[in-house]
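The values are calculated or read from the model by the stated rules, or taken from the named source; none is laboratory data. Keep in mind that this is a model prediction, so the values were computed, not measured. Note: ideal-geometry Cβ built from the backbone for every residue, glycine included; neighbour counts use all protein chains shown. Side chains are part of the model used for accessible areas, which takes the heavy atoms of the whole protein and leaves out ligands, DNA and RNA. Shrake-Rupley method; radii C 1.70, N 1.55, O 1.52, S 1.80 Å.
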Amino acid sequence: MQRARSAAAPRTLAIRFALAVAGSAFLAVSAHVAVPALPVPTTLQTLAIPLLVLALGRNLAVLATLLYLAEGAVGLPVFAPVAGPPGLVGPSAGYLWMYPVAAFAMGMLLERGLGANYVGRWAAIFAGTVLVFAGGVWWLTVVYQLTFGQAFAAGVAPFIIGDFLKVSIAAALPSQAAKIAARFNL
């Protein structure tokens with residue numbers, strides 16, 4: 001029995017890593033489904049993050065977001081609109097840096113019972129989305145020296161309707177993380 005477990009451990013780690021890499025690729029693709037806007041484009045990333053949490057669970061979704069940031073840091077063209085390391089300090093950086101935090105928060109809230117129904121999932125996903133926007137506004141106020149009102153007007157207000165729709169779409173989907181974990185014995 002011990003030998004079977006030790007053989008399964010590397011397989012399980014490889015599957016987890018492959019799922020996280022696939023999640024980071026999904027996040028990268030969602031960045032490039034964008035509508036250009038100043039100073040920050042409208043992308044599908046605030047839909048992709050809760051979908052990752054619902055599909056993979058909190059830990060793998062956080063790992064996927066961290067891999068996504070690392071891919072951008074080494075120069076892969078995963079960010080929109082600025083590729084590579086400049087994206088981590090450009091106008092979208094505050095949003096980007098909050099992706100792992102948002103995935104963690106959404107996952108924790110879903111695991112604590114909010115994932116049981118649509119309203120709970122909506123609340124958990126909305127909370128994570130608010131964290132992403134809070135990071136974006138903070139970045140725009142501190143780094144770009146905008147007032148809070150200017151940062152909110154440029155970095156949140158144009159996205160409110162679209163993000164309410166994204167939250168609503170993601171919340172309509174049940175969590176598949178437990179099923180995936182059971183399938184792959186994670």
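Once neighbouring chains are kept in place and the probe is 1.4 Å, which whole percent of the accessible area of the chain is contributed by carbon and sulfur?
73
So what is the accessible area of the chain per residue, in Å², with the probe set to 1.4 Å?
Per residue, the chain has an accessible area of 50 Å².
Let me check against my output: what whole-number percent is the relative contact order of the range 53-101, with C-alpha pairs under 8 Å and at least 6 apart?
So the answer I get is 32 percent.
What residues have an amide H closer than 5 Å to that of THR42, excluding those fewer than 5 places away on the same chain, when H is modeled at 1.01 Å from N in the peptide plane?
VAL35, ALA37
Helix 45-56 versus the longest principal axis of the chain: what angle, 0 to 90°, nearest 10, using Cα atoms?
Result, in degrees: 10.
Tell me, what is the 1.4 Å probe accessible area of TYR118, in Å² to the nearest 10?
The accessible area comes out at roughly 90 Å².
Would you work out the relative contact order for the range 66-186, in percent, from Cα pairs under 8 angstrom that are 6 or more residues apart?
With pairs under 8 Å counted, the relative contact order is 20 percent.
Which shape class, rounded, prolate or oblate, goes with the range 134-180 when its Cα gyration tensor gives a ≥ b ≥ c as root eigenvalues, a/c under 1.5 marks rounded, and past that a/b bigger than b/c marks prolate?
It is oblate, given that a/c is not under 1.5 and a/b is not larger than b/c.
Once you keep just the Cα pairs under 8 angstrom separated by 6 or more residues, what percentage relative contact order results for the range 1-134?
Worked out over the range 1-134, it gives 21 percent.
Starting from the range 66-167, pick out the trypsin sites (Lys or Arg not before Pro) whose DSSP state is loop and whose Cβ has at most 15 other Cβ atoms within 10 Å. Walk me through the numbers before you get to the answer.
Values: sites: ARG112, ARG121, LYS166; in loops: ARG112.
Taking the range 66-167 and a limit of 15 other Cβ atoms within 10 Å, the loop trypsin sites (Lys or Arg not before Pro) found are ARG112.
Can you give me the P(r) profile for the chain? Cα pairs, bins 5 angstrom wide beginning at 0, each as a whole percent.
Cα pair-distance distribution for the chain, in percent: 1, 9, 16, 20, 19, 14, 9, 5, 3, 2, 1, 0, 0.
For the chain, find the longest principal axis of its Cα atoms and tell me its angle to the long axis of helix 160-171, 0 to 90°, nearest 10.
10
Could you state the angle between the C-alpha long axis of helix 2-31 and the longest principal axis of the C-alpha atoms of the chain, as a value from 0 to 90 degrees rounded to the nearest 10?
20
Explain nothing, just compute: Karplus ³J(HN,Hα) = 6.51 cos²θ - 1.76 cosθ + 1.60, θ = phi - 60°, for every residue of the range 141-158 in order, whole Hz, x for Gly and Pro.
Rounded to whole hertz, the list is 6, 7, 7, 9, 6, 7, 6, 4, x, 5, 5, 5, 5, 8, x, 10, 3, x.
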